[in-house]
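I have placed the structure first, in the form of structure tokens, so that the comments after it can refer back to it.
Taken together, the values in this text are just the output of simple stated rules run on the coordinates, not laboratory data. Remember, it's a predicted structure, so these values are computed and weren't measured experimentally. All Cβ positions, even for glycine, are placed from backbone atoms using ideal geometry, and neighbour counts span all protein chains on display.
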Amino acid sequence: MNNTALVVGAGLGGLTTALRLKKHGFNVIIVEKYKQAGGRLNVLKKDGFTFDFGPSFFSMSYEFKEFFEYIQKPMPFRFVELDPLYTVNFSGSNRSYTIYKDLHKLAEEFRDVEPAMEEKLERLLEKTGRLYHDVEYRIIKRNFNSILGYIATLATVPMQHAPLMLRNVWDELNRYFTSYEAKVIFSLVAFFLGATPFDTPAVYTLLSYIEMRHDGYYNVEGGMYQIVEGLLQLMKEEKIEIYYNIEITGFEENKSRISALIDNNGNKWSADLYVINSDAAWFRGKVFGHKRYQPEKLDKEKWTLGPFTMYLGVKGKIEKLAQHNYFLGTNFQDYASRIFKNSITLDKPYYYVNVPSKTNPNVAPEGHENLFILCPVPDLRYKPDWSDRETVASNILRDLSERIDFDIEGNLVTQTILTPIEWQNAFNLYRGSGLGLAHDLNQIGAFRPRNVDEEYNNVFYVGASTVPGTGLPMAVISSKLVTQQILKRYGTL
């Protein structure tokens, strides 16, 4: 009986798949290119500060609960629900909008710019709630073996949702709100997908329902990396070995099967089946040489924006920052339409600021703040040169200091800057795209790279660039879907 599984990549998708397979009797080994587990859900410790490397909050917490029920283990970390969710500041204004889950309190925030806000939100959430529950099991949490089968399933979704396939997020929000501020703020869900509301299908307004009503947003007590630490502890108990600083660069095949993967040191890793938690499109082309996934073809696909990230240790407490903050301008449509192809200057960028020390004081020395800044930027197809990294960072810090009336540069204790180049090199992110393939209608469902390889029948994929898509809960769902594919072929041992 085949029983050895090699997982390539220790991101959230790889870790949860490994534990699922172990539950079904497989012997599981993980190899990871980076020096520690987590993938983009990682941690940086420097000068007495602990920084969440990538994701700083998440939704759909029930997917984690379902996972631990599946493997019959207690959850090894604790969620902290966010309410308020985040604040938003527009340049030229001293005012910040605080986004509450309580619709009455939220409506009060917008009382002077968006009349009848509570009623408008109720209509939006009622519609997006119906949409979410109509597609949750039909589309999102399902494997598709063919495009024809996918289209047939789409046809079973109630026709009332069809117009959302033809509009983008911004167009849909225009049907509910009149103010610039409300439309911009509730279109930020598109940025969570690494895109803009002008090129994200309106079906993704369902994220508003998830964030406001269905579940909300969460952090983790002690920092986001506690998710990884908890999973690693469970793997230690289950005797799942992880080997770090191992990059897979080649392979050996036997007819329609992979017989071994070869690492950067020439070592061979043999198993009965292989689960790839590297980018599903990049790996197919770079390692396996599949023609459909060569750079000239991948470059024509739509990818998510690149991450320009900063990790700052700052002396002093910053009262005008909440835990999660967005700093935007007043030219949203123009900025968003040009950011993908680098036809803007980054002298006045839009950015997000997370301050985990607001709720997790152990991540910074006493009397200090821990700041994580994310600025979405063009991927390396459009901006390959980052020699201006210090200038871009200085532009952000100068703008932020003015808005919060606090001299950040003058109080810096430590600073680390990562451009899409570093992200690409650390985690094999194609062209430095932060979240993998984008979520256009022709890149979701059966149109997304499948979680089963086209040529090798013992190779499977989990993660952002396969089904169902990007984000922490999506990675957990992805591990469930790929496990179903494996069990269909191998059964429970």
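Points to keep in mind about this one:
- Extension gain from residue 267 to residue 245, taking 0.36 nm per residue of separation minus the Cα-Cα distance: 6.7 nm
- Backbone N under 11 Å from the residue 447 label point (7 Å along Cα→Cβ), restricted to the stretch 262-304: 302
- FRET efficiency for the residue 236 to residue 71 pair, using the beta carbon distance and R₀ = 25 Å, is estimated at 0.95.
- Cα-centre dipole for the stretch 407-458 with unit charges at Cβ (Lys and Arg positive, Asp and Glu negative), debye to 20: 160
- Compared with the dominant Cα axis of the chain, that is its longest principal axis, helix 389-404 is turned about 40°.
- In this rough spin-label picture, where each label sits 7 Å from Cα along the Cβ direction, the residue 27-residue 253 distance is 2.7 nm.
- Degrees between helix 117-135 axis and first principal axis of the chain (Cα, 0 to 90, nearest 10): 10
- Neighbours of residue 401 by Cβ distance under 11 Å: Lys/Arg scored +1, Asp/Glu scored -1, total -2.
- 0 to 90° range, to nearest 10: angle between helix 472-490 axis and the chain longest Cα axis: 20
- Taking a straight Cα-Cα cut-off under 22 Å and skipping sequence neighbours fewer than 8 places away in the same chain, the lysines within cross-link reach of residue 291 are 255, 300, 302.
- Taking each of 65/480; 45/315; 315/358; 33/383 in turn, the alpha-carbon distance tops 19 angstrom for 33/383.
- Anchor residue 120: lysines whose Cα lies under 28 Å away (excluding residues fewer than 8 positions away in-chain): 101, 105, 183
- Cα-projected label distance for residue 98 with residue 229, points at 7 Å along beta-carbon direction, nm: 3.0
- Residue by residue, the stretch 143-149 carries 3J(HN,Hα) couplings of 8, 10, 8, 7, 5, 4, x Hz when phi is fed to the Karplus relation 6.51 cos²θ - 1.76 cosθ + 1.60 (θ = phi - 60°); x denotes Gly or Pro.
- Per-residue extension of 0.36 nm, minus the Cα-Cα distance of residue 36 and residue 385, leaves a gain of 122.9 nm for this segment.
- Mean ellipticity per residue at 222 nm, deg cm²/dmol - from DSSP H runs of n ≥ 4 across the chain, formula -39500 (n - 2.57): -9000 deg cm²/dmol
- Full extension of the segment from residue 302 to residue 157, taken as 0.36 nm per residue of separation minus the current Cα-Cα distance, would add 49.6 nm.
- Projected label distance in nm at residue 78 and residue 122, using a 7 Å step from Cα toward the beta-carbon: 3.6
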